[in-house]
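Quick notes on the structure that follows.
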Amino acid sequence: ADGARVPALVIGSGYGGSVAALRLAQAGVDVQMIEMGMAWDTPGADGKIFCATPNPDQRSFWLRTRTKQPFSNFLGFPIDKDIPRYTGVLDAEEFSGITVYQGRGVGGGSLVNGGMAVTPKRENFGAILPTVNADEMYNVYYPRANAGLGVASIRPAWFETTDWYQFARVGRKQAQRSGFPFVFVPDVYDWNYMEQEAAGTATKSALAGEILFGNNYGKKSLQKTYLPQIAATGRVTISPLHRVTQVVPASGGGYTVTIEQLTTAGAVSAIKTVTADKVFFAAGSVGTSKLLVKLKATGALPNLNGEVGKGWGDNGNVMVGRANQIWDPTGASQSTIPCGGIDNWAAGGAFAEVAPLPTGIETWASFYLSITKNPNRAQFTWNPTTRAVELNWQTAWKQPGIDMAKTIFDKINATEGTIYRTDLFGTYKTWGDHLTYHPLGGAVLGKATDNYGRLAGHPGLYAIDGSLIPGNTSVNPFVTITALAERNIEKIIATDF
Ligand code: FDA
């Protein structure tokens, strides 16, 4: 409520925010969680909470009047369409050199992501989070995160036989024919549910194209894992459609947080303040970075250090499609949930998810989202003229990632006698180099914060989300974000409360 005083306030309800709220509440601390997106707990006129990926309506995008699909084109035709402006679930946030896709709502990115739940290889961990004790992570916090998120892999016998994963079997065969290891990728999708979808005994979700704008069934987003546990504590209040804009030291200690209440059209309907003893920034890499950079530059939190806003990376995301030979169809029926990848990290700096292209027709296309070791890092800065935070990433900075992905796909094309598709990201454009799904960094652990996420200069302020991770995780990031949050909150509860 307006004017309230709370022991802990959490900004954002994605992985980092959910871990923080749950563990604080279990330790007896009352928590106020602020989330700018909707609750996503009420069905629309069609009886569904989320709209179908093939038919985006107002629920699809965050405050846009036209969709901005990651694949802008298909068979040369643009596919975007007009929609009513609404607080939809997927934000395509545009900076000058990159579009950053993010989830909006209670559950954050878990509402829109592919659920690929990958723990990095142990030998790569030192390069991901160099100041973190790897033994503790692999013995305690990665297992805790995997259990809390409900991570599992596809049943091998079903993988080998189902039509829905023909695209992945083609991906495996071609990877292996070129000498690359194919690895199964765990996911938080309920694989038993998916088998029931295929058998016709459960309402289809992953097998009906649902993913990018939310899954109505089957996917264990945070709404099915951490958030019910949070509700069961009785100590956490969640305020959806509320956006934090300001955090300043309060005269009697703690911090005064200014919060805008939003309408579903994105207008501000009320402005409230809450004073919190401790504030956790869990607004995601971009959200946390934007807040911290603005608050430092405008003098609200002047003692934040010069590392705030730095060390931002795209997890090396690049996308590409290949056109297969006529004898290698990838299937008209494709599950939206990837289940395997091609690992060329050690030799080539690329880990490629074999992704579906669920169009409902045979396309003979193989499609991949690669995570690469792209070393480029960008910085968020405050522009006092526009009063906005900018990111200096340039599209050309994707080139090292493209070169790394080519170590896999040039070889596969040579082996198979095939070519890249040029119709997915524009006309005659091969590489999807305009976006990331995996923003990381901006409040890097051990730089903008201490080794547990305590922000420098202002006691009682913490970063506890993807902003802590310096730009790359070698695999999909949310398991690492969750595990790091579990590690940090345990220390913070033990020493700061
Ligand atoms: P996250 O972004 O989850 O949560 C931040 C929350 O804070 C959001 O709900 C936001 O609305 C809210 N917020 C922001 N600013 C605020 C403010 N000022 N006031 C109040 N609230 C505010 N990863 C993976 O491991 N496997 C995968 O398969 C995929 N696939 C994938 C697909 C797509 C389409 C996307 C967009 C992303 C993925 N990801 C993924 C990435 C993954 O979802 C992402 O890394 C995590 O959600 C990040 O977790 P965080 O806790 O850092 O923030």
| said: For the stretch 239-251, give me each residue that is away from the ligand (no atom under 11 Å from the Cβ) and either surrounded by 15 or more Cβ atoms within 10 Å (Cβ to Cβ) or touching a residue at least 12 places away in the same chain (Cβ under 8 Å) (or both). | reply: Val248, Pro249, Ala250
| Residues of the stretch 94-121 classified as surrounded by fewer than 19 Cβ atoms within 10 Å (Cβ to Cβ) and within 11 Å of the ligand (Cβ to nearest atom), total | 1
| remark: Per the filter on the stretch 322-348, residues among the small types (Gly, Ala, Ser), surrounded by fewer than 23 Cβ atoms within 10 Å (Cβ to Cβ) and out of contact with any Gly (no Cβ under 7 Å at 6 or more places or on another chain) are Ala323, Gly331, Ser333, Ala346, Ala347, Gly348
| remark: Selection from the stretch 375-415 of residues in a strand (DSSP E or B) and open to solvent by 70 Å² or more (accessible area, probe 1.4 Å) yields Glu390
| task | Could you tell me whether Gly442 is assigned to a helix (DSSP H, G or I) and open to solvent by less than 50 Å² (accessible area, probe 1.4 Å)? | result | no
| note | Restricting attention to the stretch 225-274, the residues that are part of a loop (DSSP other than H, G, I, E, B), closer than 20 Å to Lys294 by Cα and among the charged types (D, E, K, R) number exactly 0
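Here's the yes/no breakdown for (1) in contact with a Pro (Cβ under 9 Å, 6 or more places away or on another chain); (2) open to solvent by 30 Å² or more (accessible area, probe 1.4 Å):
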position	(1), (2)
Thr233	no, yes
Thr264	no, yes
Ala282	no, no
Val286	yes, no
Leu292	no, no
Asn315	yes, no
| Subset of the stretch 1-17 that is under 17 Å from Ala231 (Cβ atoms) and of a type in the set (A, V, I, L, M) - its residue that is surrounded by the fewest Cβ atoms within 10 Å (Cβ to Cβ) | Ala8
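Has the stretch 427-436 got any residue that is within 12 Å of the ligand (Cβ to nearest atom), closer than 24 Å to Asp343 by Cα and either at pLDDT 95 or above or not in a helix (DSSP H, G or I) (or both)? Don't jump to the end; show me each part of the working.
At the first step, the residues of the stretch 427-436 found to be within 12 Å of the ligand (Cβ to nearest atom) are 435-436.
Subsequent filtering for residues that are closer than 24 Å to Asp343 by Cα retains 435-436.
Now restrict to residues that are either at pLDDT 95 or above or not in a helix (DSSP H, G or I) (or both): 435-436.
Looking for residues that are within 12 Å of the ligand (Cβ to nearest atom), closer than 24 Å to Asp343 by Cα and either at pLDDT 95 or above or not in a helix (DSSP H, G or I) (or both), one finds at least one in the stretch 427-436, hence yes.
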| query | So which residues in the stretch 18-57 are open to solvent by 10 Å² or more (accessible area, probe 1.4 Å) and either touching a strand residue (DSSP E or B) at 6+ places or on another chain (Cβ under 6 Å) or of a type in the set (Asp, Glu) (or both)? | reply | Val29, Asp30, Gln32, Glu35, Met36, Met38, Asp41, Asp46, Asp57
| field | Which numbered condition Ala20 misses (of (1) over 20 Å from Ser205 (Cβ atoms); (2) outside any helix (DSSP H, G or I)) | value | (2)
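The values are calculated or read from the model by the stated rules, or taken from the named source; none is laboratory data. This structure is a prediction, so every number in the text was calculated from the model and none was measured. Reconstructed Cβ throughout: ideal geometry from the backbone, glycine too, with neighbour counts over all protein chains shown. Accessible surface is based on the protein model in full, side chains and every heavy atom, while ligands, DNA and RNA are left aside. Shrake-Rupley method; radii C 1.70, N 1.55, O 1.52, S 1.80 Å.
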